[in-house]
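Student: I have a structure here, written as structure tokens, and I will follow up with some questions on it.
The values are calculated or read from the model by the stated rules, or taken from the named source; none is laboratory data. This structure is a prediction, so every number in the text was calculated from the model and none was measured. Virtual Cβ from ideal backbone geometry, glycine too; neighbours counted across all protein chains shown.
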2 protein chains.
Amino acid sequence: MKEKAFQDYYPDDVSHCYGCGSLNQHGLQLKSFWDGDETVARITPRDYHTAIPGFVYGGFVASIIDCHGTGSAAAAAYRAEGREMDTMPPLRFVTASLNVKYLKPTPMGVELEVRGEIVEVKGRKVVVSEKVFAGDVLVATGEVVAVQMPENMITK
Amino acid sequence: MKEKAFQDYYPDDVSHCYGCGSLNQHGLQLKSFWDGDETVARITPRDYHTAIPGFVYGGFVASIIDCHGTGSAAAAAYRAEGREMDTMPPLRFVTASLNVKYLKPTPMGVELEVRGEIVEVKGRKVVVSEKVFAGDVLVATGEVVAVQMPENMITK
């Protein structure tokens, strides 16, 4: 059986995110998985996600770090509670802060790999440190501070 | 005559950026302008730029901070040299680092205003501090450290 991505456990009402929602037909549909104690997502930018010709625009890199970060935060929070991601109550995270360092220009036409390390799970907060690789080349690093979603963001 | 946006001065070979390139038909086509000593851009997210229903996804906010930052950096560098943006040699910037703090959920269906303050213009580096408003509400702050584009990114 194919492993389910973190995002595939999200209920339908939170599956519309442009970056990672499985129900957003226009979006990136990022999929994140455990790989031992790290998390990993792989995605190939579309040809229009360009900065200048030949290179990926910075907002794309920031977006995948953001969504991989909140996904990893949710997975880590379930794991910290010893629960599977399909158990109740649901744990959903939003981004409090996002930091990205662009180390090298990110080439187009290459699958990008985002790797996440869970730095901290404390109360409603999870900190995820991330690296983005284009092939073997580390092109960006990032950190996401994610917090459990405030109840007033749930609209239905 | 209508004022030209910073991005409208970019040569065609650097006008393909998903976030702000005037030639990217799929992109956001962000337009940034001077407003006194500050810079400003206004944009309304499309309905699919959602996080959870009713709110804008974080990558969109990060993307507009990124592109408004590099655009503001270019404008500030020209201004520091006492030059108009259509004079040679061209000054083009890429992002070295991007920091975003999400203060409040960003509502959909509202024009967002990004305001930039030029913190520093030093050598090849420009630092831009930014605020994102949804109506009167400050929803995010950000900082972009932009550097002049390395020559090896120019592909033609």
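Student: Inspect all residues belonging to segment A:57-80 and state whether any of them is more than 25 Å from B:P105 (Cβ to Cβ) and of a type in the set (S, T, N, Q).
Tutor: The answer is no, given that none of the residues of segment A:57-80 is more than 25 Å from B:P105 (Cβ to Cβ) and of a type in the set (S, T, N, Q).
Student: May I ask you to verify whether A:D66 is of a type in the set (D, E) and within 9 Å of another protein chain (Cβ to nearest Cβ)?
Tutor: Details: of a type in the set (D, E): yes; within 9 Å of another protein chain (Cβ to nearest Cβ): yes.
Considered against the rule, which asks whether it is of a type in the set (D, E) and within 9 Å of another protein chain (Cβ to nearest Cβ), A:D66 comes out as yes.
Student: With the structure loaded, tell me whether A:T70 is buried (at least 24 other Cβ atoms within 10 Å of the Cβ) and either in contact (Cβ under 8 Å) with a residue 40 or more places away in the chain or under 14 Å from the mean Cα position of the chain (by Cα) (or both) or whether it fails that test. So that I can check it myself, show each step before the final result.
Tutor: Numbers: buried (at least 24 other Cβ atoms within 10 Å of the Cβ): yes; either in contact (Cβ under 8 Å) with a residue 40 or more places away in the chain or under 14 Å from the mean Cα position of the chain (by Cα) (or both): yes.
Considered against the rule, which asks whether it is buried (at least 24 other Cβ atoms within 10 Å of the Cβ) and either in contact (Cβ under 8 Å) with a residue 40 or more places away in the chain or under 14 Å from the mean Cα position of the chain (by Cα) (or both), A:T70 comes out as yes.
Student: If you don't mind, there's one more thing I want to ask. Looking at A:G21, A:G59, can you tell me which residue is within 11 Å of the chain's Cα centre (by Cα), crowded, with 23+ Cβ neighbours inside 10 Å and without any contact (Cβ under 8 Å) to a residue 40 or more places away in the chain? So that I can check it myself, show each step before the final result.
Tutor: Working: A:G59 fails: within 11 Å of the chain's Cα centre (by Cα).
After ruling out the rest, the residue left standing is A:G21.
Per-residue answers, yes or no, for (1) of a type in the set (V, I, T); (2) more than 11 Å from chain B (Cβ to nearest Cβ); (3) not in a strand (DSSP E or B):
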{"residue": "A:A76", "(1), (2), (3)": "no, yes, yes"}
{"residue": "A:G82", "(1), (2), (3)": "no, yes, yes"}
{"residue": "A:N99", "(1), (2), (3)": "no, no, no"}
{"residue": "A:R115", "(1), (2), (3)": "no, yes, no"}
{"residue": "A:V121", "(1), (2), (3)": "yes, yes, no"}
{"residue": "A:E130", "(1), (2), (3)": "no, yes, no"}
{"residue": "A:L138", "(1), (2), (3)": "no, yes, no"}
{"residue": "A:V145", "(1), (2), (3)": "yes, no, no"}
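Student: Against the conditions (1) of a type outside the set (F, W, Y); (2) touching a Gly at 6+ places or on another chain (Cβ under 8 Å); (3) within 12 Å of another protein chain (Cβ to nearest Cβ); (4) under 23 Å from A:V14 (Cβ atoms), where does A:P107 fall short? Just the number, please.
Tutor: It fails just one condition, (4).
Student: Residues in segment B:102-128 that are free of Cβ contacts under 8 Å to residues at least 12 places away in the same chain and either basic (K, R) or within 16 Å of B:H68 (Cβ to Cβ) (or both): how many?
Tutor: 1
Student: Could I ask something else about it? So for segment A:44-55 (the condition being closer than 23 Å to A:N99 by Cα and in contact with a Pro (Cβ under 6 Å, 6 or more places away or on another chain)), does at least one residue qualify?
Tutor: Filtering segment A:44-55 down to residues closer than 23 Å to A:N99 by Cα leaves A:44-45, A:49-52, A:55.
Those still in the list that are in contact with a Pro (Cβ under 6 Å, 6 or more places away or on another chain) too: A:55.
Yes, some residue in segment A:44-55 is closer than 23 Å to A:N99 by Cα and in contact with a Pro (Cβ under 6 Å, 6 or more places away or on another chain).
Student: Now for a different question. Return the residue satisfying two criteria in turn: it lies in segment B:27-56 and is touching a Phe, Trp or Tyr at 6+ places or on another chain (Cβ under 8 Å) and among the β-branched types (V, I, T), and of such residues it is surrounded by the most Cβ atoms within 10 Å (Cβ to Cβ).
Tutor: B:T39
Student: Among the residues in segment B:26-45, are any more than 8 Å from chain A (Cβ to nearest Cβ), in a helix (DSSP H, G or I) and touching a residue at least 12 places away in the same chain (Cβ under 8 Å)?
Tutor: No, segment B:26-45 has no match at all.
Student: When you scan segment A:88-97, do you find a residue that is in a strand (DSSP E or B) and either among the basic types (K, R) or touching an Asp or Glu at 6+ places or on another chain (Cβ under 6 Å) (or both), even just one?
Tutor: Taking segment A:88-97 and keeping what is in a strand (DSSP E or B), we get A:93-97.
Next, only the ones that are either among the basic types (K, R) or touching an Asp or Glu at 6+ places or on another chain (Cβ under 6 Å) (or both) stay: A:95.
Yes.
Student: State yes or no: is A:Y78 more than 18 Å from A:K101 (Cβ to Cβ) and touching a His at 6+ places or on another chain (Cβ under 6 Å)?
Tutor: Working: more than 18 Å from A:K101 (Cβ to Cβ): yes; touching a His at 6+ places or on another chain (Cβ under 6 Å): no.
Considered against the rule, which asks whether it is more than 18 Å from A:K101 (Cβ to Cβ) and touching a His at 6+ places or on another chain (Cβ under 6 Å), A:Y78 comes out as no.
Student: Any residue that is modelled with pLDDT under 90, part of a loop (DSSP other than H, G, I, E, B) and basic (K, R) - is there at least one of those in segment B:1-13?
Tutor: Yes; the residues of segment B:1-13 include at least one that is modelled with pLDDT under 90, part of a loop (DSSP other than H, G, I, E, B) and basic (K, R).
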